[in-house]
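Please read the structure below before turning to the comments.
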Amino acid sequence: MSKEKSPRRVGEKEALSVGTTIRGSAQKLNLVAALIRGRRVEEAMNILSFSTKAMAVDAKKVLASAIANAENNHNLDVDALVVAEASVGKSITMKRFHTRGRGKSTRILKPISRLRIVVRETSDEAGEA
């Protein structure tokens, strides 16, 4: 007896990619994710390529992975893909200590974030609007 196959976490015309260990705060990553929500995939890749924010590099990798998953695993048309969802959450936080004067120390928090991108295949009319 084998284990049952787990159900898909997204819809039939959708593909998913998750970046689990993106080094930086969720607040900064959410600013980058807001730039691409609801946009066509080609336009979103251009926005991330030319963005001055450092988190855009990791967000671009996750988006490229979602596009590759849509094309190779789910046989979706790449030209008709739209970023349906770009959600950000907190992951673990590394705790470090920094020595200060008079024998004291200060805690330094180094946050790690998660980025979940879902791309959806749409018709050409809906993608242009």
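A short reminder: the numbers here are calculations on the coordinates, not readings from a lab. A quick note: this is a predicted structure, and the numbers were derived from the prediction, not measured. FYI the Cβ positions are ideal-geometry reconstructions off the backbone, even for glycines, and counts take in every protein chain you see.
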*Would you mind counting up the charge near G19? Only other residues with Cβ under 11 Å from its Cβ, with Lys and Arg at +1 and Asp and Glu at -1.*
+4
*HN-Hα J couplings of the range 68-84 from phi, Karplus 6.51/-1.76/1.60, θ = phi - 60°, integer Hz, Gly and Pro as x?*
5, 5, 5, 6, 8, 8, 10, 6, 9, 7, 5, 5, 9, 7, 10, 6, 7
*Report, by chain and number, residues whose modeled amide H sits under 5 Å from the one on R39, excluding near sequence neighbours (fewer than 5 apart, same chain).*
V83
*Could you tell me which of the pairs K61/K110; K28/K95; K13/K95; K53/K95; K5/K28 are separated by over 31 angstrom between their Cα atoms in the structure shown?*
K13/K95; K5/K28
*Write down the radius of gyration of the range 1-55 and its Dmax, each obtained from C-alpha positions, in Å.*
15.6, 53
*So what's Rg/Rh here for the chain, counting alpha carbon atoms and using the Kirkwood radius for Rh?*
1.13
_Length released on extending from N72 to E12, taking residue separation times 0.36 nm less the Cα-Cα span_ = 20.2 nm
